[in-house]
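Each reported figure results from applying straightforward, stated rules to the coordinates on display, with no laboratory input. Just so it is clear, the model here is predicted, and its values are computed rather than measured. Using ideal geometry, Cβ is built from the backbone for each residue, glycine included, and neighbour counts are taken over all protein chains shown.
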Amino acid sequence: MQAAIFRRTGEPAEVIEIQSTPKHEPPAGASSSFAQAAQSPAKGMVRVRMEAAPINPSDLMTIRGRYTKQPPLPARIGYEGAGIVSAANAGLYGRWLVGKRVAVLAADGGTWGEELELPAKNVIPVGAKLNALEAASFFVNPATAWLLTNQILSIPQGGWLVQSAAASAVGQMVCALGKHYGFRTMNLVRSASAIEIVKRAGGDAVIVTDDAGRWKEELQRQLPGGRIRYAIDPVGGELAATLVSMLGESGQIVLYGTLSHEPMSFSPRSLMTYGASVRGFWLGAEMARMNLWKKLSLVKTIRSLQERKILRTEVGLQFRIDEVHQAVVAAEAPQKSGKVYLVF
């Protein structure tokens, strides 16, 4: 069984290693009881034969030592993926899961590998309508996009949302949700090549952020009243600070990433004058605060939106586990198209 690990933080292409370990298989000729013991996961756990795993920014940030939660080293890599449950030791529910395709949410990492054992509560059966690649990106980005727009900000029909990094996977899903629920999106991108991507996703207006700062004037010109009511930002730094300075009456901005790796600097009066607010969002913490009913409701909503193709992830390049070094480079290529996956 092969899996990607890292023993020290650094650039992913330099520090990732491929670790080979025996699979959970009994020796030839073993008794049935011995075979069952060899194949049985720990109590409350399931074993998943992985089919695919996306390369997400959170994975690469973890390898670089910049993520919110850092694992003890050495560590396996990958927080999200999909596969088939091959064995379970989790009661009736676990037995029901065996043989089914599930979305995997590995809080401690490990989806970048051929096999993974994790708590049964951390897998989500996805049904027959989603293939392995769709299931591999079933939850993190769709849940982030839906929670930001429908729960955290509760953007009304006709309301304008400003978002940066609009050509990202989450950004495109936000555009699609805007079309579905009736709110409008003002989308900031880094290059003109991303304009068509955002429009194809359903974005209403697209502005290229340039070094001269002309984008701010263009944004003010296009926004009703020239001020922001709702905004989301995964970039941070100067860009996010500029958006804060443009918040209007009761304006809200939610920060959900640190792609720039730069701190924000803005005057408190940007918030005081208009009664505006800044808050943070991290999916892991948000899920931890939810009760079981809300989690099940969220999963049901996400599944429905994906089955109806309202939320979808554009599939990009696919790599084998022994090509993981090429995969992490491709995932951060400036002109990449679609999500990069490891397939097993």
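Helix-only estimate, please: 222 nm mean residue ellipticity of the chain, summing -39500 (n - 2.57) across DSSP H runs of length 4 or more and dividing by its residues, to the nearest 500. Walk me through the numbers on the way to the answer.
Working: 14 runs with 111 residues, N = 344.
It lands at -8500 deg cm²/dmol.
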Item checked: Dipole axis of the chain (+1 Lys, Arg; -1 Asp, Glu on Cβ), positive-most option in Ile124, Ile195, Ile63 -> Ile124
Next item on the list: Could you bin all the Cα-Cα distances of the chain into 20 Å bins starting at 0 and give me the percent of pairs in each, rounded to whole numbers?
Entry: 29, 55, 15, 1
Item checked: Ordering of 100-109, 268-277 by packing [mean C-beta count within 10 Å, highest first] -> 100-109, 268-277
Item checked: Amide H within-cut-off set for Glu115, under 5 Å, with H built and near neighbours excluded -> Met50
Note to self: Relative contact order of segment 141-284, please, whole-number percent, based on alpha carbon pairs below 8 angstrom and at least 6 residues apart.
What the structure shows: 19
Check: In segment 141-284, what is the volume of the convex hull around the alpha carbon atoms, normalised per residue and reported in Å³?
Finding: 102
Notebook entry, point to check: Which value, in debye to the nearest 20, gives the size of the charge dipole of segment 230-344 about its Cα centre, when Lys and Arg are +1 and Asp and Glu are -1 at the Cβ?
Noted result: 660
Check: How big is the charge dipole of segment 141-284 about its Cα centre, in debye rounded to the nearest 20, if each Lys and Arg gets +1 on its Cβ and each Asp and Glu gets -1 on its Cβ?
Finding: 320
Note to self: For the chain, give me the percentage of DSSP beta bridges that are antiparallel, rounded to the nearest 5 percent.
What the structure shows: 55
Item checked: In nm, spacing of pseudo-spin labels at Thr301 and Gln157 (7 Å Cα→C-beta vector) -> 1.7
Note to self: Apply the Karplus curve 6.51 cos²θ - 1.76 cosθ + 1.60, θ = phi - 60°, to the phi angles in segment 266-273 and return the couplings in whole Hz, x for Gly and Pro.
What the structure shows: 8, 6, x, 5, 4, 8, 5, 4
